[in-house]
Structure formats: structure tokens, C-alpha cells
Amino acid sequence: MRSENLSVPKDCRTLLKTPTFSSSIVNIPPGEYIHFGIEKGILHIMHQSMLSQNLDVLPLMINIDGLPLCKSSNSQFWPILMSIDLTEVSESFIVGVYHGTKKPESVTNFLNAFIEEYLLLKKDGIIVNGKLIKLELNKIICDAPATAFVLSIKSHTGYFGCNKCLQKGKYLRGKMTFPKLNATLRTNESFTLQLQQEHHKDISPLEKIGIGLVSNVPLDYMHLVCLGIMRTLLMFWIGKKGKNSIKLRDNNIKEISKTLRNFRKYISQDFCRLPRCIEDIDNWKATEFRQFLLYTGPIVLKGKLSKEQYKHFLCLHVAIRILCSSKCISLNTYAKRLIEYFIVKYKKIYGKEYITYNVHNLLHLCNDVLLFGKLDNFSAFRFESYMSKIKRNLKNSRYPLQQIYNRITEERNLNINKKKLSLLEDDNKHLILCNENGKTCVYLTKFTFNNSIISLRQRNNCVFLKNSSFMLISSIYKTENDNIKIVGRTFQNVSDFVRKPSFSLSIKVVDIYEMSNTSTFDYEDIKSKCVMLPFNDKFAVISLLHNNE
């Protein structure tokens, strides 16, 4: 093209506006750190998400965690990620990142640039389209090791490792346990005054920002429940941990894996991963453990675990479904009772040496829900995709900080608006004009509902209606008045999958051979989308939690 005298760049880096040097890298022993900035990140996200400018205060949350870059070396990132704490915004952005072969020696040096900028912005605010908006950091989301690091407290494996209560742990058979159910709770004031000196290693630099370092550092259920307790239970059942008496039979393990693989064609597109066999548990991601706990686990484990073990697992399943639902406040006491029962029986079934940090902190999880709402309001799941993105941005192991700086700068220079998910999917290939009762309507193949796709496909066509019936959608159309109508049949024979513990959003069993005549409902009659999984000669139907409001 240049030979034809066209003025085009020689290199794509010119178009991408790739920086020629990374001047912001500073030494933080034993590695290096680069600061991208809070204000730049917020402005970029607000432009992308087209967030309403009618805000006076912008609530924020941060996530800090270690990120190994490869298995063959100790090279690791420690990114500081931030997200706007609003339901309309799901994207995260990077504030700063440390790279080294070990974590930073000094948490004060590591967080210094972040804290200085935040304090300045908290005082002065930021200008967005000519309007002054104040900033307020509400939540610090970390796993247990990262929490201990940024708060300068003892490790979760230490005697005084619980950052929610004053309980002194008991060392039992090589593990630190926390057996008490009613220990005195830690408060922001007692933390600041260091009334329990054994809990503290130093003064946390985060005290400068004026946030409650107990109440505003909620427990993250992604690490605590999904990667922690659910993974441990599966390890017990397949024989990789614990005594032989709690292990499943080999043929039961194979049957469970076969059923999970069969579920793949029924799992809706709301799930980012399809089920895989439990023998491959070492490679499962957090979303797979969550899917097993909240959806598939109760179905595949029925008749495989002993009655005592199965009832015990169901208590965790129902409790976490409650805490993930819109009923997390009204049913909080019930969820806590289920968790208390779960912990007491955990000692009996699996051994009291396994009442470790994760199991113990289930009790405190209910208190965090009372403060912040459902579990996904303060989990690390919203930051996980960005952590993966950081690793994908690295082309090789040389100069990782420079690479990540260049990629982030290129992305922000592009300044692309992201489209909001609209009610209807604009796909004219699927639209058919027709006449119904003398009026023109448009037939559709899919539409969006609370950020989920509902379509005519088998895995995406089951919904729960506000009249408490389950429906399979066979047709969708839009009237001349732009009203969305759904046509289908409802299940006549609906029963509870299990009787106890009970919960209105628990699993139901339906018979596809006993259905009503075809009926028509409005789009607004839908309460939630459902996933429908085969169970014996019937189907188990489960409401999706993330769009059941």
C-alpha cells in the first residue's frame, strides 16, 4: 500500500498508539511495580459502560490477589483491580500491578501509590462531563492469604487467623481448626486498637483510607465456598482426602461423571463452562464448583452418597442458594441455622480436624450478606475474567510489566463504546412477518431477560412464571405495540426434588408427558429463566439465581 503512495503506518503499533517506553515502573523489592491510576481507569470504564452521570458518589471495590504467570517458574503478578460497585457495571480495571518471583516484601510500599491517589481523589473527587463526583471505597475483596497480607495480620493457618472473630484456634492432627460456633466477633474499633495483639503483625497501610478493616473486608465465597469447601467435599467423595468410609464406590463415581457429561447438552448458555467428570477435579475452575454446588450436585449425588452425607450436602446447597438469591436478607436466619447444622455434622462425618478456616467462616458469611446483600455482590468472580485477561496479554516471559503496560495503554487509547444488551436481539435473519387475528406481529427466535438469553432452543427455553408455574417456550413474537409475547405449555405435575431442607427456589421435578394446552403470556410474566436437567424418566428444573430478582 505504501508503494502506491498511500499514507499508512509501517507498523500496527502506530495505529494502536503503543507507548515506546514504560517510564512509570518503580522498584519494590524484590520486584517492580507500575501504577496505571484510579482516575484513568474510572473514566475509561464510565465511557465504556455509558453509566448514568446522575451520580453524586461513585461506590468502589478493589481486589488484590497473587497471579502465577507460569508453572515452570515463580514469576508472579500481584495486581490491584478495581470495579465500580454498581449492578449496571460488571467490568473491572487495573489500578496497579507488581511483578516479581515473590510477593512484595513491604505491603506499605506495594499499596503506597494506590493509597496516595485514592486519598487525593476522595478529597477532591473526579470531573466527569463537567460534573464533580465523589469516590467511596466500600469493599476490599481478597482470598485468605491476600487478606492477611494487605491487613498485616496473622495467616489463616495461625492460632489467631480468623479476621472476623476473636476465637483462638486449636491445632489438631496437623491442621488449625476453629471449632466454636459462637465466638466473640471482631469489630472495626477492636481491630484498629489492636486489642487482640496476637492477631496483628503490623499496622495495615489501609487504615489510612478510613475504611472498616473488619466490616468492609467481606469474605469471598468464590475462594471460601467454591474453591474451598465444595472442592474439599468432592476430594472426600472420590477418595483423595479423608478416611475410606466416606469415599464413594468406584462405580458410583463413574456414574456421576457419566451423568455430568450427559448434562452438557442441557446446560444453558448462561454458564461459562459445561460440566465435566469429577475425576478431572484437579483442573476444575471456581465456576465449575459453583455450578456443581448450586445446580448439578444435588441431582447427580442423589442415591450415590449415604443418606446422612446427602442431607448434609443439601444443607450447604440450600444455604448458599439462599445467600445468592434476592431472599438473602429475609431468609438469612434460616441460612445461618442450616450452616450451623452443616458445621456440627461436618465434625461427625468428616472429622473435627477438618473444621478449618473455610468451614468456620461459613458462619461469618451470613453476617457479610446482611451488610452487602447477596454473595455475588462481594465475590471475586467479577474480577476473575480480568485476571485471565492479564495472562492472555502476555506473549512471552520477557518484560511482563512492560507488556501489560503496553496492552492496557493500547486498549484505553482505542476508547471503544460497548453496546448495552438490548431487550431484543437484532437478527433479521430470524424474523418472519405474519398475521395474527388480523394484526401484524413479528416472530422472534430469542430475546434477553435480566442479562440472560431466552430462546427456542432446548437449553434456553424453560422459564419460571410469576404464577409459580414452569413453562417450555415454543414460540416468541412481538406485537404491533412492541409487547413481547411467549407461547408454550406449562408442566402440570410439579413436585419437590427433596422435602428437607426446603426453599422456594429449590429444585423441582416435572413430568414432560403431563403438560397443559398451549398458552400465551406476556414477557413481564416471567420471573426467572430455568435450567432443566434429566432425572430418571423425568426432569429436574432449577431457577437460575443471577436473574431471579
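So between Thr187 and Asn129, what do we pick up on full extension, going 0.36 nm a residue minus the alpha carbon distance? Display every interim value, and only then the final one.
Working: separation 58, 0.36 × 58 = 20.88 nm, distance 3.96 nm.
Separation in residues times 0.36 nm, less the Cα-Cα distance, equals 16.9 nm.
Under 20 Å from the 7 Å Cα→Cβ point of Ile25, by amide nitrogen: which residues of segment 359-395?
Label zone hits: 390-395.
Over the chain, calculate the relative contact order: mean separation of alpha carbon pairs under 8 Å at least 6 apart, over the residue count, as a percent.
Once normalised by length, the contact order is 12 percent.
Take each of the peptides 374-383, 178-187, 31-40, average the number of other beta-carbon atoms within 10 Å over its residues, and list them starting from the highest.
Highest-to-lowest ranking by the protection proxy: 374-383, 31-40, 178-187.
Please give the FRET efficiency for Gln269 paired with Ser474, using the beta carbon to beta carbon distance and R0 = 30 Å, rounded to the nearest 0.05.
On the way: r = 19 Å, r/R0 = 0.62.
So, using R0 = 30 Å, E works out to roughly 0.95.
Length gain on complete extension for the stretch Asn332 to Glu136, per 0.36 nm per residue less the alpha carbon to alpha carbon distance?
67.9 nm
With an 8 Å Cα cut-off and a minimum separation of 6 or more residues, compute the relative contact order for segment 222-376 in percent. Please report the intermediate quantities before stating the final value.
Details: 153 pairs, mean separation 35.3, N = 155.
Once divided by the residue count of segment 222-376, the mean separation gives 23 percent.
What spacing in nm lies between the two simple spin-label points modelled at Ser516 and Ser73, each 7 Å away from Cα in the Cβ direction?
About 6.3 nm, to one decimal.
Among (1) 0.99; (2) 1.05; (3) 1.29, find the value of Rg/Rh (Cα atoms, Kirkwood Rh) that was calculated from the structure presented, and write down its label.
The listed entry that was calculated here is (1).
Can you list the aspartates and glutamates whose alpha carbon is less than 18 Å from that of Lys175, not counting same-chain residues fewer than 8 positions off?
Partners within reach: Glu353.
Sum -39500 (n - 2.57) across every DSSP H segment of at least 4 residues in the chain, then divide by the residue count to get the 222 nm mean residue ellipticity, nearest 500.
Mean residue ellipticity, 222 nm, calculated: -8500 deg cm²/dmol.
When only DSSP loop residues count, what GluC sites (Glu not before Pro) in segment 82-171 have their Cβ near at most 10 other Cβ atoms within 10 Å?
Here the sparse-neighbourhood loop sites are Glu88.
So for segment 145-281, averaging the separation of alpha carbon pairs under 8 Å that are six or more residues apart and normalising by length, what relative contact order in percent results?
Once divided by the residue count of segment 145-281, the mean separation gives 16 percent.
Could you tell me which trypsin sites (Lys or Arg not before Pro) in segment 68-163 are loop residues by DSSP with no more than 13 other beta carbons within 10 angstrom of their beta carbon?
Lys71, Lys102
Holding the Cα-Cα limit at 31 Å, pick out from Lys180/Lys240; Lys139/Lys311; Lys102/Lys201; Lys164/Lys352; Lys347/Lys500 the pairs that are longer than that. If you can, show how the numbers build up before the last one.
Details: Lys180/Lys240 27 Å; Lys139/Lys311 34 Å; Lys102/Lys201 19 Å; Lys164/Lys352 21 Å; Lys347/Lys500 21 Å.
Cα-Cα > 31 Å for Lys139/Lys311; rest within.
Can you work out the FRET efficiency for the pair Arg392 and Arg173, with r the C-beta to C-beta distance and R0 = 45 Å, to the nearest 0.05?
0.65
Grab the beta carbon distance between Ser245 and Glu198, set R0 = 41 Å, and tell me the FRET efficiency rounded to 0.05.
Step by step, r from the Cβ atoms, then E = 0.65.
FYI, it's all coordinate maths here, none of it is from the lab. All values derive from a computational prediction rather than experimental measurement. Glycine also receives a Cβ, built like all others from the backbone with ideal geometry; neighbour counts cover every protein chain displayed.
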